[in-house]
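A short write-up of the structure that comes next.
Laboratory data are not the source of any read-out in this text; all were calculated from the coordinates shown. In this text, all values refer to a predicted model and were calculated from it rather than measured experimentally. Note: ideal-geometry Cβ built from the backbone for every residue, glycine included; neighbour counts use all protein chains shown.
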Amino acid sequence: MAVAFRVINSRSWHDLETLFEAPGGPGHCWCMVWRHAPGSVRRTRGAERRKAMKSALSNLVCEGRETGIVACVDECPAGWVSVAPLETYRSMHGPVERPDSQQRPWCIVCFYVARHFRGRKLMPALMNEAVRHAKSRGAGVIEAFPVDRKSPSYRFMGYVDMFEKAGFRDMGMAGTRRHVMRLELCKDGDQNYRNGESRPNSPVPDENIVG
């Protein structure tokens, strides 16, 4: 199974469209729930809301903003992870203190894996790719807001044990179900850029292929 991880931009937008608009896809929200969006978008309902959410995400992509990564299995769009700088999202921390902006924090906010690709460990693979990408863009810390596996809601944000295995630390609760988990990617100002890794705002690959 060959998996290609594609950073969403104007060239790869079609992959995201294909994934989200397929039966069972998150076409109702277009992964805009936690992002900053105009009030006019949030006040829409039904089919108009789906159209407005898609347009809002498309606008971010066209502006060159970071939004996330799609996993393609044998060229078929199969999964998605929302990963971007912290400031591009609304507050999700609850009482937990946010990381200092000097740490260049990024967040992993949600996942989606198409039903017929589930059971192939795509979610942890997407998580690992999100961490790799954030680090390549200069992130000093990356956060996530997962839940326990028995949680009745927010499971699209990932699972606590999955992030624990990747080295994330539990910083506390944001509400009754979501944990705030944090991974320190560097301890000093230049650690991320050793061994030939990319500095912020330098070109990074749009695609990473594994398998």
| Using DSSP loop states and a limit of at most 14 other Cβ atoms within 10 Å to flag trypsin sites (Lys or Arg not before Pro), what is the longest stretch of the chain containing no flagged site? | 46-89
| task | Would you calculate a helix-derived [θ] at 222 nm for the chain, using -39,500 (n - 2.57) for each DSSP H run of n ≥ 4 and dividing by the full residue count, to the nearest 500? | result | -7000 deg cm²/dmol
| task | For region 1-64 and region 100-126, compute the distance between their C-alpha centroids and round to whole Å. | result | 16 Å
| request: Could you point to the residue in Ser101, Phe111, Pro152 farthest towards the positive end of the chain's charge dipole, with +1 and -1 charges on the Cβ of Lys/Arg and Asp/Glu respectively? | output: Pro152
| Sorting Thr176, Thr18, Thr67 on the 10 Å Cβ count, fewest up front, what's the list? | Thr176, Thr18, Thr67
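Do any GluC sites (Glu not before Pro) in region 1-75 lie in a loop, going by DSSP, with at most 15 other beta-carbon atoms within 10 Å of their beta carbon, and if so which? Write down the numbers at each step before the final one.
Details: sites: Glu17, Glu21, Glu48, Glu63, Glu66, Glu75; in loops: Glu63, Glu66, Glu75.
Sparse-neighbourhood loop GluC sites (Glu not before Pro): Glu63, Glu75.
Counting Lys and Arg as +1 and Asp and Glu as -1, each charge on the Cβ, what is the dipole of region 15-55 about the Cα centre in debye, to the nearest 20?
Here the size comes out at about 340 debye.
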| message | With an 8 Å Cα cut-off and a minimum separation of 6 or more residues, compute the relative contact order for the chain in percent. | response | 22 percent
| task | Report, in debye and to the nearest 20, how large the dipole of the chain comes out about its Cα centre when Lys and Arg carry +1 and Asp and Glu carry -1 on their Cβ. | result | 720 debye
| note | Cα-based Rg then Dmax for region 65-132, in Å, read 13.8, 43
| field | Modelled label reach - Ala22, point 7 Å along Cα→Cβ, region 29-49 residues with backbone N closer than 15 Å | value | none
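Can you tell me what the convex hull of the Cα atoms of the chain projects to on average, as an area in nm²?
Values: hull surface 47.8 nm².
Mean orientational projected area (the chain, Cα hull): 12.0 nm².
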| remark: Sorted by chain and number, the residues with a modelled amide H under 5 Å from that of Arg35, at a separation of 5 or more or across chains, are Arg90
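Hey, got the dipole for region 58-137? About the Cα centre, +1 on K and R Cβ, -1 on D and E Cβ, debye to the nearest 20? Don't skip to the end; give the middle numbers.
On the way: 11 positive and 8 negative charges, 49 e Å.
My answer is approximately 240 debye.
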| Nitroxide proxy distance, nm - points 7 Å out along Cα→Cβ at Glu87 and Cys62 | 2.4 nm
| note | Any lysines whose Cα falls less than 22 Å from that of Lys165, other than same-chain ones fewer than 8 residues away, would be Lys121, Lys135, Lys150, Lys187
| Under 16 Å from the Cα of Lys54, which aspartates and glutamates turn up, not counting those fewer than eight places away in the same chain? | Asp15, Glu17, Glu21, Glu63, Glu66
